[in-house]
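Below: the structure, in C-alpha coordinates.
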Protein chains: 2
Amino acid sequence: MVTVSKDHPRYKSLVLRDKLVDGCKRGITSVHGLIAHGRGEAFDYLIGEKSTTNALDATEVTSAYILTAQRPILSVNGNVAALVPAELVELSEITEAPLEINLYHRSRQRSEKIEQHLRDFGARRILTGRDYVQLPGIASERAKVDQKGIFLSDVVFVPLEDGDRCEALKKSGKMVLAVDLNPLSRTALAASVTVVDELARTMGNLIEFTRRMQHAGDKEELEVLKSKFDNAQNLKTSYSIILSRLQNLSESKGV
Amino acid sequence: MVTVSKDHPRYKSLVLRDKLVDGCKRGITSVHGLIAHGRGEAFDYLIGEKSTTNALDATEVTSAYILTAQRPILSVNGNVAALVPAELVELSEITEAPLEINLYHRSRQRSEKIEQHLRDFGARRILTGRDYVQLPGIASERAKVDQKGIFLSDVVFVPLEDGDRCEALKKSGKMVLAVDLNPLSRTALAASVTVVDELARTMGNLIEFTRRMQHAGDKEELEVLKSKFDNAQNLKTSYSIILSRLQNLSESKGV
(Lines give C-alpha, C1' and ligand atoms only; values in the text may rest on other atoms or scores of the structure.)
Protein backbone atom coordinates (compact mmCIF):
# COMPACT_ATOMS: atom_id res chain seq x y z
CA MET A 1 0.00 0.00 0.00
CA VAL A 2 1.23 3.52 -0.83
CA THR A 3 1.98 5.61 2.21
CA VAL A 4 0.18 8.94 2.23
CA SER A 5 2.02 11.67 4.04
CA LYS A 6 0.14 12.63 7.21
CA ASP A 7 0.63 16.32 6.57
CA HIS A 8 -1.41 16.23 3.38
CA PRO A 9 -4.54 18.34 4.03
CA ARG A 10 -6.75 15.62 2.54
CA TYR A 11 -4.99 12.78 4.36
CA LYS A 12 -8.12 10.86 5.39
CA SER A 13 -9.56 10.89 1.89
CA LEU A 14 -6.25 9.73 0.38
CA VAL A 15 -5.93 6.89 2.90
CA LEU A 16 -9.39 5.65 1.87
CA ARG A 17 -8.36 5.86 -1.78
CA ASP A 18 -5.28 3.77 -0.99
CA LYS A 19 -7.38 1.17 0.78
CA LEU A 20 -9.58 0.88 -2.28
CA VAL A 21 -6.65 0.61 -4.69
CA ASP A 22 -5.17 -2.04 -2.42
CA GLY A 23 -8.53 -3.85 -2.40
CA CYS A 24 -8.56 -3.74 -6.19
CA LYS A 25 -5.06 -5.22 -6.42
CA ARG A 26 -6.06 -7.99 -4.03
CA GLY A 27 -9.20 -8.85 -6.02
CA ILE A 28 -11.64 -7.64 -3.37
CA THR A 29 -12.82 -4.45 -5.11
CA SER A 30 -13.85 -4.23 -8.78
CA VAL A 31 -12.38 -1.61 -11.14
CA HIS A 32 -15.90 -0.23 -11.58
CA GLY A 33 -15.89 0.30 -7.84
CA LEU A 34 -12.95 2.71 -8.18
CA ILE A 35 -14.83 4.98 -10.55
CA ALA A 36 -17.91 4.86 -8.34
CA HIS A 37 -15.71 5.91 -5.42
CA GLY A 38 -14.47 8.90 -7.39
CA ARG A 39 -18.01 9.97 -8.03
CA GLY A 40 -18.68 9.76 -4.29
CA GLU A 41 -15.63 11.95 -3.60
CA ALA A 42 -17.16 14.65 -5.81
CA PHE A 43 -20.34 14.72 -3.75
CA ASP A 44 -18.27 14.79 -0.56
CA TYR A 45 -16.72 18.07 -1.75
CA LEU A 46 -20.22 19.44 -2.29
CA ILE A 47 -21.42 18.58 1.22
CA GLY A 48 -18.16 19.87 2.73
CA GLU A 49 -16.29 16.64 3.59
CA LYS A 50 -17.86 16.39 7.03
CA SER A 51 -20.86 14.71 8.65
CA THR A 52 -23.70 17.23 8.58
CA THR A 53 -26.27 17.41 11.39
CA ASN A 54 -28.72 15.98 8.90
CA ALA A 55 -26.46 12.98 8.24
CA LEU A 56 -25.94 12.45 11.98
CA ASP A 57 -29.72 12.35 12.50
CA ALA A 58 -30.13 9.75 9.73
CA THR A 59 -27.25 7.72 11.19
CA GLU A 60 -28.93 7.71 14.61
CA VAL A 61 -32.16 6.44 13.03
CA THR A 62 -30.18 3.76 11.19
CA SER A 63 -28.79 2.65 14.51
CA ALA A 64 -32.29 2.55 16.04
CA TYR A 65 -33.56 0.33 13.19
CA ILE A 66 -30.67 -2.11 13.52
CA LEU A 67 -31.07 -2.32 17.30
CA THR A 68 -34.82 -2.99 17.16
CA ALA A 69 -34.79 -5.40 14.17
CA GLN A 70 -35.85 -9.05 14.44
CA ARG A 71 -33.29 -10.20 11.84
CA PRO A 72 -30.93 -7.41 10.85
CA ILE A 73 -28.29 -7.99 8.16
CA LEU A 74 -25.22 -5.91 7.33
CA SER A 75 -24.58 -6.14 3.58
CA VAL A 76 -20.97 -6.04 2.34
CA ASN A 77 -19.79 -5.40 -1.23
CA GLY A 78 -16.24 -5.01 -2.57
CA ASN A 79 -15.86 -1.30 -1.84
CA VAL A 80 -17.31 -1.64 1.65
CA ALA A 81 -15.02 -4.60 2.47
CA ALA A 82 -11.95 -2.64 1.36
CA LEU A 83 -12.86 0.62 3.09
CA VAL A 84 -14.26 -0.32 6.51
CA PRO A 85 -13.64 -3.99 7.38
CA ALA A 86 -12.78 -3.39 11.05
CA GLU A 87 -15.80 -1.15 11.57
CA LEU A 88 -18.14 -3.69 9.96
CA VAL A 89 -16.90 -6.45 12.20
CA GLU A 90 -17.25 -4.21 15.25
CA LEU A 91 -20.85 -3.36 14.34
CA SER A 92 -21.61 -7.02 13.71
CA GLU A 93 -20.20 -7.94 17.13
CA ILE A 94 -22.14 -5.23 18.96
CA THR A 95 -25.47 -5.99 17.29
CA GLU A 96 -25.02 -9.72 16.55
CA ALA A 97 -26.17 -8.94 12.99
CA PRO A 98 -24.47 -11.16 10.39
CA LEU A 99 -22.40 -9.74 7.54
CA GLU A 100 -23.70 -10.84 4.12
CA ILE A 101 -21.38 -10.74 1.11
CA ASN A 102 -23.54 -9.19 -1.55
CA LEU A 103 -21.78 -8.36 -4.83
CA TYR A 104 -23.03 -6.42 -7.84
CA HIS A 105 -20.43 -8.03 -10.10
CA ARG A 106 -20.78 -11.52 -8.61
CA SER A 107 -17.82 -13.86 -8.68
CA ARG A 108 -17.12 -16.89 -6.52
CA GLN A 109 -13.45 -15.95 -6.31
CA ARG A 110 -14.10 -12.40 -5.18
CA SER A 111 -16.70 -13.58 -2.67
CA GLU A 112 -14.18 -16.00 -1.13
CA LYS A 113 -11.50 -13.32 -0.94
CA ILE A 114 -13.88 -10.95 0.82
CA GLU A 115 -14.90 -13.70 3.23
CA GLN A 116 -11.27 -14.33 4.16
CA HIS A 117 -10.61 -10.59 4.42
CA LEU A 118 -13.49 -10.18 6.89
CA ARG A 119 -12.31 -13.19 8.90
CA ASP A 120 -8.85 -11.61 9.08
CA PHE A 121 -10.55 -8.69 10.80
CA GLY A 122 -12.22 -11.03 13.27
CA ALA A 123 -15.64 -11.54 11.67
CA ARG A 124 -17.54 -14.50 13.13
CA ARG A 125 -21.00 -14.13 11.54
CA ILE A 126 -20.65 -14.30 7.74
CA LEU A 127 -23.21 -15.28 5.11
CA THR A 128 -21.65 -15.84 1.70
CA GLY A 129 -24.75 -15.70 -0.52
CA ARG A 130 -23.65 -18.95 -2.14
CA ASP A 131 -26.94 -20.60 -0.97
CA TYR A 132 -29.15 -18.05 -2.61
CA VAL A 133 -32.68 -17.27 -3.63
CA GLN A 134 -33.74 -14.67 -6.22
CA LEU A 135 -35.48 -11.45 -5.32
CA PRO A 136 -38.33 -10.67 -7.74
CA GLY A 137 -38.32 -7.69 -10.12
CA ILE A 138 -34.59 -7.52 -11.01
CA ALA A 139 -32.32 -9.19 -13.58
CA SER A 140 -31.20 -12.63 -12.46
CA GLU A 141 -27.53 -12.30 -11.48
CA ARG A 142 -28.13 -9.23 -9.37
CA ALA A 143 -31.27 -10.67 -7.76
CA LYS A 144 -29.43 -13.23 -5.68
CA VAL A 145 -29.48 -12.94 -1.89
CA ASP A 146 -28.53 -15.40 0.81
CA GLN A 147 -31.48 -17.61 1.70
CA LYS A 148 -30.67 -17.50 5.41
CA GLY A 149 -29.67 -13.83 5.31
CA ILE A 150 -31.18 -10.93 3.41
CA PHE A 151 -34.03 -13.13 2.16
CA LEU A 152 -35.36 -13.68 5.70
CA SER A 153 -34.33 -10.31 7.12
CA ASP A 154 -36.61 -7.45 8.13
CA VAL A 155 -33.91 -4.74 8.25
CA VAL A 156 -30.95 -4.52 5.82
CA PHE A 157 -28.03 -2.11 6.14
CA VAL A 158 -26.74 -1.61 2.55
CA PRO A 159 -23.84 0.85 2.35
CA LEU A 160 -22.88 1.89 -1.23
CA GLU A 161 -25.60 -0.21 -2.86
CA ASP A 162 -26.73 -0.22 -6.49
CA GLY A 163 -30.07 1.54 -7.17
CA ASP A 164 -31.75 -1.43 -8.83
CA ARG A 165 -31.02 -3.74 -5.96
CA CYS A 166 -31.97 -1.17 -3.37
CA GLU A 167 -35.36 -0.82 -5.09
CA ALA A 168 -35.81 -4.59 -5.24
CA LEU A 169 -35.07 -4.93 -1.52
CA LYS A 170 -37.53 -2.17 -0.71
CA LYS A 171 -40.25 -3.75 -2.87
CA SER A 172 -39.76 -7.06 -1.11
CA GLY A 173 -40.96 -5.31 2.05
CA LYS A 174 -37.70 -4.82 3.93
CA MET A 175 -36.57 -1.75 5.81
CA VAL A 176 -33.57 -0.58 3.73
CA LEU A 177 -30.86 1.53 5.40
CA ALA A 178 -28.47 3.05 2.83
CA VAL A 179 -25.26 5.10 2.95
CA ASP A 180 -24.70 7.16 -0.20
CA LEU A 181 -22.89 10.47 -0.74
CA ASN A 182 -25.07 11.21 -3.77
CA PRO A 183 -28.48 12.35 -2.52
CA LEU A 184 -29.76 12.23 -6.11
CA SER A 185 -28.92 8.56 -6.68
CA ARG A 186 -31.62 5.94 -7.20
CA THR A 187 -30.32 4.22 -4.08
CA ALA A 188 -30.77 7.41 -2.05
CA LEU A 189 -34.31 7.83 -3.39
CA ALA A 190 -35.36 4.19 -2.90
CA ALA A 191 -34.02 3.57 0.62
CA SER A 192 -36.11 3.82 3.80
CA VAL A 193 -33.30 5.74 5.52
CA THR A 194 -30.47 7.36 3.51
CA VAL A 195 -27.36 8.53 5.31
CA VAL A 196 -25.86 11.13 2.94
CA ASP A 197 -22.31 10.87 4.23
CA GLU A 198 -18.94 9.27 3.55
CA LEU A 199 -18.84 5.63 4.66
CA ALA A 200 -15.86 5.69 7.04
CA ARG A 201 -17.29 8.72 8.88
CA THR A 202 -20.71 7.06 8.96
CA MET A 203 -19.36 3.81 10.43
CA GLY A 204 -17.59 5.72 13.21
CA ASN A 205 -20.80 7.55 14.08
CA LEU A 206 -22.94 4.44 13.74
CA ILE A 207 -20.77 2.45 16.13
CA GLU A 208 -20.81 5.28 18.66
CA PHE A 209 -24.61 5.71 18.49
CA THR A 210 -25.21 1.96 18.62
CA ARG A 211 -23.02 1.45 21.67
CA ARG A 212 -24.76 4.31 23.46
CA MET A 213 -28.34 3.40 22.55
CA GLN A 214 -27.87 -0.30 23.12
CA HIS A 215 -27.61 0.23 26.82
CA ALA A 216 -30.36 2.80 27.11
CA GLY A 217 -33.02 1.25 29.35
CA ASP A 218 -35.90 2.80 27.48
CA LYS A 219 -36.52 1.16 24.09
CA GLU A 220 -39.38 3.62 23.56
CA GLU A 221 -36.79 6.24 22.66
CA LEU A 222 -35.70 4.13 19.67
CA GLU A 223 -39.29 3.78 18.46
CA VAL A 224 -39.78 7.54 18.70
CA LEU A 225 -36.61 8.16 16.68
CA LYS A 226 -37.84 5.77 13.97
CA SER A 227 -41.37 7.13 13.78
CA LYS A 228 -40.30 10.76 13.62
CA PHE A 229 -37.93 10.22 10.69
CA ASP A 230 -38.98 11.28 7.17
CA ASN A 231 -36.53 10.23 4.42
CA ALA A 232 -38.03 12.54 1.77
CA GLN A 233 -37.40 15.46 4.14
CA ASN A 234 -33.90 14.16 4.88
CA LEU A 235 -33.06 14.17 1.15
CA LYS A 236 -34.56 17.63 0.65
CA THR A 237 -32.38 18.91 3.48
CA SER A 238 -29.36 17.32 1.76
CA TYR A 239 -30.11 19.19 -1.47
CA SER A 240 -30.51 22.41 0.53
CA ILE A 241 -27.15 21.88 2.22
CA ILE A 242 -25.43 21.60 -1.18
CA LEU A 243 -27.36 24.55 -2.61
CA SER A 244 -26.66 26.88 0.27
CA ARG A 245 -23.00 25.90 0.26
CA LEU A 246 -22.75 26.73 -3.44
CA GLN A 247 -24.71 29.93 -2.85
CA ASN A 248 -22.28 31.02 -0.13
CA LEU A 249 -19.31 30.13 -2.34
CA SER A 250 -20.65 32.01 -5.32
CA GLU A 251 -21.11 35.04 -3.08
CA SER A 252 -17.66 34.64 -1.48
CA LYS A 253 -18.72 33.83 2.02
CA GLY A 254 -15.94 31.25 2.12
CA VAL A 255 -15.76 27.49 1.65
CA MET B 1 -9.55 -1.32 -25.89
CA VAL B 2 -13.33 -1.77 -25.42
CA THR B 3 -15.39 -0.51 -28.35
CA VAL B 4 -18.08 1.94 -27.32
CA SER B 5 -21.08 2.19 -29.64
CA LYS B 6 -21.12 5.62 -31.36
CA ASP B 7 -24.84 6.08 -30.82
CA HIS B 8 -24.47 5.95 -27.04
CA PRO B 9 -25.62 9.34 -25.68
CA ARG B 10 -22.47 9.60 -23.59
CA TYR B 11 -20.11 8.28 -26.28
CA LYS B 12 -17.32 10.82 -25.75
CA SER B 13 -17.22 10.30 -22.01
CA LEU B 14 -17.14 6.50 -22.37
CA VAL B 15 -14.31 6.69 -24.91
CA LEU B 16 -12.28 8.74 -22.42
CA ARG B 17 -12.98 6.23 -19.67
CA ASP B 18 -11.79 3.44 -21.99
CA LYS B 19 -8.60 5.35 -22.78
CA LEU B 20 -7.90 5.66 -19.09
CA VAL B 21 -8.58 2.00 -18.31
CA ASP B 22 -6.33 1.13 -21.25
CA GLY B 23 -3.64 3.49 -19.89
CA CYS B 24 -3.94 1.74 -16.54
CA LYS B 25 -3.47 -1.70 -18.13
CA ARG B 26 -0.41 -0.42 -20.00
CA GLY B 27 1.15 1.01 -16.85
CA ILE B 28 0.83 4.66 -17.91
CA THR B 29 -2.00 5.66 -15.58
CA SER B 30 -2.08 4.82 -11.89
CA VAL B 31 -5.07 3.06 -10.39
CA HIS B 32 -5.52 6.16 -8.21
CA GLY B 33 -5.97 8.06 -11.46
CA LEU B 34 -9.16 6.11 -12.18
CA ILE B 35 -10.69 7.29 -8.93
CA ALA B 36 -9.73 10.89 -9.67
CA HIS B 37 -11.32 10.54 -13.12
CA GLY B 38 -14.59 9.30 -11.59
CA ARG B 39 -14.65 12.38 -9.41
CA GLY B 40 -14.18 14.57 -12.47
CA GLU B 41 -17.02 12.83 -14.30
CA ALA B 42 -19.40 13.71 -11.48
CA PHE B 43 -18.46 17.40 -11.68
CA ASP B 44 -18.83 17.27 -15.47
CA TYR B 45 -22.47 16.22 -14.99
CA LEU B 46 -22.95 19.20 -12.71
CA ILE B 47 -21.57 21.73 -15.20
CA GLY B 48 -23.52 20.10 -18.03
CA GLU B 49 -20.80 18.17 -19.95
CA LYS B 50 -19.95 21.11 -22.18
CA SER B 51 -17.44 23.98 -22.20
CA THR B 52 -19.16 26.94 -20.57
CA THR B 53 -18.51 30.51 -21.72
CA ASN B 54 -16.68 30.95 -18.44
CA ALA B 55 -14.40 27.98 -19.19
CA LEU B 56 -13.74 29.26 -22.71
CA ASP B 57 -12.66 32.63 -21.29
CA ALA B 58 -10.24 30.95 -18.88
CA THR B 59 -8.91 28.75 -21.69
CA GLU B 60 -8.23 31.81 -23.82
CA VAL B 61 -6.30 33.41 -20.94
CA THR B 62 -4.36 30.15 -20.49
CA SER B 63 -3.39 30.37 -24.13
CA ALA B 64 -2.31 34.01 -23.73
CA TYR B 65 -0.05 33.09 -20.79
CA ILE B 66 1.60 30.21 -22.64
CA LEU B 67 2.19 32.36 -25.73
CA THR B 68 3.77 35.22 -23.79
CA ALA B 69 5.87 33.11 -21.39
CA GLN B 70 9.68 33.15 -21.33
CA ARG B 71 9.94 29.46 -20.43
CA PRO B 72 6.57 27.73 -20.56
CA ILE B 73 6.26 24.06 -19.58
CA LEU B 74 3.43 21.63 -20.25
CA SER B 75 3.20 19.19 -17.34
CA VAL B 76 2.09 15.62 -18.06
CA ASN B 77 0.91 13.05 -15.53
CA GLY B 78 -0.46 9.54 -16.09
CA ASN B 79 -4.08 10.54 -16.65
CA VAL B 80 -3.12 13.38 -18.99
CA ALA B 81 -0.83 11.11 -21.04
CA ALA B 82 -3.59 8.51 -21.43
CA LEU B 83 -6.35 10.96 -22.27
CA VAL B 84 -4.85 13.57 -24.62
CA PRO B 85 -1.39 12.53 -25.92
CA ALA B 86 -1.93 13.79 -29.50
CA GLU B 87 -3.26 17.15 -28.31
CA LEU B 88 -0.34 17.62 -25.90
CA VAL B 89 2.18 16.98 -28.64
CA GLU B 90 0.35 19.37 -30.95
CA LEU B 91 0.37 22.13 -28.32
CA SER B 92 4.04 21.51 -27.64
CA GLU B 93 4.82 21.77 -31.37
CA ILE B 94 2.82 25.01 -31.81
CA THR B 95 4.28 26.75 -28.77
CA GLU B 96 7.71 25.05 -28.59
CA ALA B 97 6.99 24.44 -24.89
CA PRO B 98 8.50 21.18 -23.61
CA LEU B 99 6.42 18.41 -22.08
CA GLU B 100 7.55 17.51 -18.56
CA ILE B 101 6.64 14.12 -17.11
CA ASN B 102 5.51 14.99 -13.64
CA LEU B 103 4.04 12.15 -11.60
CA TYR B 104 2.30 12.23 -8.24
CA HIS B 105 3.01 8.54 -7.67
CA ARG B 106 6.56 8.63 -9.06
CA SER B 107 8.03 5.55 -10.64
CA ARG B 108 10.94 5.21 -13.06
CA GLN B 109 9.10 2.51 -14.99
CA ARG B 110 5.92 4.53 -15.42
CA SER B 111 7.91 7.62 -16.37
CA GLU B 112 9.68 5.66 -19.13
CA LYS B 113 6.42 4.23 -20.42
CA ILE B 114 4.88 7.69 -20.60
CA GLU B 115 7.98 9.03 -22.37
CA GLN B 116 7.70 6.30 -25.03
CA HIS B 117 3.95 6.85 -25.33
CA LEU B 118 4.47 10.57 -25.99
CA ARG B 119 7.23 9.82 -28.52
CA ASP B 120 4.83 7.44 -30.31
CA PHE B 121 2.57 10.47 -30.76
CA GLY B 122 5.46 12.47 -32.21
CA ALA B 123 6.70 14.37 -29.15
CA ARG B 124 10.15 15.92 -29.65
CA ARG B 125 10.56 18.07 -26.53
CA ILE B 126 10.37 15.89 -23.42
CA LEU B 127 11.78 16.42 -19.95
CA THR B 128 11.67 13.31 -17.80
CA GLY B 129 12.13 14.81 -14.35
CA ARG B 130 14.87 12.29 -13.69
CA ASP B 131 17.37 15.14 -13.16
CA TYR B 132 15.36 16.84 -10.50
CA VAL B 133 15.42 19.46 -7.81
CA GLN B 134 13.03 19.78 -4.88
CA LEU B 135 10.44 22.49 -4.56
CA PRO B 136 10.27 23.87 -1.02
CA GLY B 137 7.22 23.50 1.25
CA ILE B 138 6.06 20.05 0.23
CA ALA B 139 6.88 16.45 1.24
CA SER B 140 9.93 15.16 -0.60
CA GLU B 141 8.72 12.66 -3.22
CA ARG B 142 6.07 15.00 -4.51
CA ALA B 143 8.40 18.01 -4.50
CA LYS B 144 10.56 16.80 -7.37
CA VAL B 145 10.58 18.79 -10.61
CA ASP B 146 12.93 18.70 -13.58
CA GLN B 147 15.89 21.01 -13.04
CA LYS B 148 15.82 22.22 -16.63
CA GLY B 149 12.03 22.28 -16.81
CA ILE B 150 9.49 23.36 -14.24
CA PHE B 151 12.26 24.52 -11.89
CA LEU B 152 13.38 27.24 -14.34
CA SER B 153 9.97 27.98 -15.84
CA ASP B 154 7.87 31.10 -15.39
CA VAL B 155 4.59 29.60 -16.64
CA VAL B 156 3.42 26.01 -16.01
CA PHE B 157 0.40 24.38 -17.57
CA VAL B 158 -0.67 21.67 -15.07
CA PRO B 159 -3.77 19.78 -16.16
CA LEU B 160 -5.31 17.52 -13.46
CA GLU B 161 -2.72 18.39 -10.82
CA ASP B 162 -2.70 17.57 -7.11
CA GLY B 163 -3.58 20.46 -4.79
CA ASP B 164 -0.42 20.32 -2.70
CA ARG B 165 1.84 20.51 -5.70
CA CYS B 166 -0.21 23.22 -7.30
CA GLU B 167 0.20 25.30 -4.14
CA ALA B 168 3.94 24.63 -4.01
CA LEU B 169 4.35 25.75 -7.64
CA LYS B 170 2.37 28.90 -6.95
CA LYS B 171 4.43 29.68 -3.83
CA SER B 172 7.62 29.30 -5.81
CA GLY B 173 6.48 32.29 -7.85
CA LYS B 174 5.29 30.63 -11.05
CA MET B 175 2.18 31.39 -13.02
CA VAL B 176 0.15 28.18 -12.64
CA LEU B 177 -2.44 27.29 -15.29
CA ALA B 178 -4.70 24.43 -14.15
CA VAL B 179 -7.48 22.37 -15.70
CA ASP B 180 -9.83 20.87 -13.11
CA LEU B 181 -13.52 19.94 -13.30
CA ASN B 182 -13.86 20.45 -9.55
CA PRO B 183 -14.04 24.19 -8.83
CA LEU B 184 -13.85 23.43 -5.10
CA SER B 185 -10.56 21.55 -5.28
CA ARG B 186 -7.41 22.89 -3.67
CA THR B 187 -5.86 22.90 -7.15
CA ALA B 188 -8.67 25.08 -8.46
CA LEU B 189 -8.29 27.47 -5.52
CA ALA B 190 -4.48 27.66 -5.68
CA ALA B 191 -3.96 28.11 -9.45
CA SER B 192 -3.44 31.46 -11.17
CA VAL B 193 -5.87 30.46 -13.91
CA THR B 194 -8.30 27.54 -13.46
CA VAL B 195 -10.09 26.14 -16.48
CA VAL B 196 -13.14 24.38 -15.00
CA ASP B 197 -13.70 22.01 -17.89
CA GLU B 198 -13.08 18.47 -19.08
CA LEU B 199 -9.51 18.00 -20.35
CA ALA B 200 -10.18 16.72 -23.89
CA ARG B 201 -12.58 19.60 -24.58
CA THR B 202 -10.10 22.04 -23.06
CA MET B 203 -7.21 20.82 -25.20
CA GLY B 204 -9.27 21.22 -28.39
CA ASN B 205 -10.19 24.78 -27.42
CA LEU B 206 -6.67 25.59 -26.26
CA ILE B 207 -5.11 24.46 -29.54
CA GLU B 208 -7.65 26.48 -31.53
CA PHE B 209 -7.11 29.65 -29.47
CA THR B 210 -3.33 29.25 -29.52
CA ARG B 211 -3.18 28.82 -33.29
CA ARG B 212 -5.36 31.88 -33.79
CA MET B 213 -3.64 34.16 -31.29
CA GLN B 214 -0.14 33.09 -32.23
CA HIS B 215 -0.48 34.84 -35.55
CA ALA B 216 -2.23 37.94 -34.25
CA GLY B 217 0.09 40.84 -34.98
CA ASP B 218 -0.79 42.70 -31.83
CA LYS B 219 0.73 41.14 -28.70
CA GLU B 220 -0.96 43.88 -26.67
CA GLU B 221 -4.21 41.94 -27.00
CA LEU B 222 -2.68 39.03 -25.09
CA GLU B 223 -1.52 41.32 -22.29
CA VAL B 224 -5.02 42.82 -22.01
CA LEU B 225 -6.55 39.34 -21.78
CA LYS B 226 -4.14 38.42 -18.99
CA SER B 227 -4.57 41.61 -17.00
CA LYS B 228 -8.36 41.55 -17.14
CA PHE B 229 -8.65 38.00 -15.80
CA ASP B 230 -9.68 37.40 -12.17
CA ASN B 231 -9.49 33.76 -11.07
CA ALA B 232 -11.52 34.29 -7.90
CA GLN B 233 -14.33 35.68 -10.05
CA ASN B 234 -13.90 32.82 -12.51
CA LEU B 235 -14.39 30.28 -9.70
CA LYS B 236 -17.38 32.15 -8.30
CA THR B 237 -18.99 32.05 -11.74
CA SER B 238 -18.32 28.29 -11.84
CA TYR B 239 -20.13 27.83 -8.52
CA SER B 240 -23.02 29.93 -9.86
CA ILE B 241 -23.24 27.77 -12.99
CA ILE B 242 -23.60 24.59 -10.91
CA LEU B 243 -25.94 26.31 -8.48
CA SER B 244 -28.33 27.62 -11.12
CA ARG B 245 -28.26 24.31 -12.94
CA LEU B 246 -29.24 22.49 -9.74
CA GLN B 247 -31.90 25.10 -9.03
CA ASN B 248 -33.38 24.71 -12.51
CA LEU B 249 -33.32 20.95 -12.13
CA SER B 250 -34.97 21.06 -8.71
CA GLU B 251 -37.69 23.30 -10.13
CA SER B 252 -38.04 20.93 -13.12
CA LYS B 253 -37.15 23.48 -15.77
CA GLY B 254 -35.20 20.70 -17.49
CA VAL B 255 -31.49 20.04 -17.76
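In the condition set (1) of a type outside the set (Asp, Glu); (2) open to solvent by 60 Å² or more (accessible area, probe 1.4 Å); (3) within 12 Å of chain A (Cβ to nearest Cβ), B:Lys170 is compliant with all but (3). One residue stands out among those in the stretch A:174-191 that are assigned to a loop (DSSP other than H, G, I, E, B), within 14 Å of another protein chain (Cβ to nearest Cβ) and among the hydrophobic types (A, V, I, L, M, F, W, C): the one that is least open to solvent (accessible area, probe 1.4 Å), which is A:Leu181.
Evaluate the following for B:Leu74: is it open to solvent by less than 30 Å² (accessible area, probe 1.4 Å), over 25 Å from A:Val31 (Cβ atoms), more than 14 Å from chain A (Cβ to nearest Cβ) and not in a helix (DSSP H, G or I)? Answer is yes for this residue. Restricting attention to the stretch B:1-17 and to residues that are under 24 Å from the mean Cα position of the chain (by Cα) and in a loop (DSSP other than H, G, I, E, B), the residue that is modelled with the lowest pLDDT turns out to be B:Met1. The condition of being modelled with pLDDT of 95 or more and surrounded by fewer than 14 Cβ atoms within 10 Å (Cβ to Cβ) holds for only one of B:Arg119, B:Arg108, that being B:Arg119.
For A:Val133, are the conditions met, namely being part of a strand (DSSP E or B) and surrounded by fewer than 19 Cβ atoms within 10 Å (Cβ to Cβ)? For A:Val133, the condition - part of a strand (DSSP E or B) and surrounded by fewer than 19 Cβ atoms within 10 Å (Cβ to Cβ) - is met. If you go through the stretch A:56-105 and pick out every residue that is touching a Pro at 6+ places or on another chain (Cβ under 9 Å) and among the hydroxyl-bearing types (Ser, Thr, Tyr), you end up with 4. Before we move on, is A:Asp57 in contact (Cβ under 8 Å) with a residue 12 or more places away in the chain, at the interface with another protein chain (Cβ under 10 Å from one of its Cβ atoms), part of a helix (DSSP H, G or I) and surrounded by fewer than 21 Cβ atoms within 10 Å (Cβ to Cβ)? Answer is no for this residue. Do you know which residues across the stretch A:224-240 are open to solvent by 30 Å² or more (accessible area, probe 1.4 Å) and either charged (D, E, K, R) or touching a residue at least 12 places away in the same chain (Cβ under 8 Å) (or both)? Once the filter is applied, which keeps residues that are open to solvent by 30 Å² or more (accessible area, probe 1.4 Å) and either charged (D, E, K, R) or touching a residue at least 12 places away in the same chain (Cβ under 8 Å) (or both), the stretch A:224-240 yields A:Leu225, A:Lys226, A:Lys228, A:Phe229, A:Asp230, A:Lys236, A:Thr237, A:Tyr239.
Within the stretch B:1-52, being open to solvent by 20 Å² or more (accessible area, probe 1.4 Å), more than 9 Å from every other protein chain (Cβ to nearest Cβ) and touching an Asp or Glu at 6+ places or on another chain (Cβ under 7 Å) holds for B:Met1, B:Val2, B:Val4, B:Ser13, B:Ser51. Candidates are the residues of the stretch B:192-225 that are part of a loop (DSSP other than H, G, I, E, B) and of a type outside the set (Asp, Glu); the one that is nearest to the chain's Cα centre (by Cα) is B:Val196.
Within the stretch B:137-158, being more than 14 Å from every other protein chain (Cβ to nearest Cβ) and among the β-branched types (Val, Ile, Thr) holds for B:Val145, B:Ile150, B:Val155, B:Val156, B:Val158.
The values are calculated or read from the model by the stated rules, or taken from the named source; none is laboratory data. If you're wondering where the values come from, they're calculated on a predicted model, not measured in any experiment. Note that each Cβ is placed from the backbone with ideal geometry, even for glycine, and that neighbours are counted across all protein chains shown. These area figures cover heavy atoms from the full protein model, side chains too; ligands, DNA and RNA do not enter into them. Shrake-Rupley method; radii C 1.70, N 1.55, O 1.52, S 1.80 Å.
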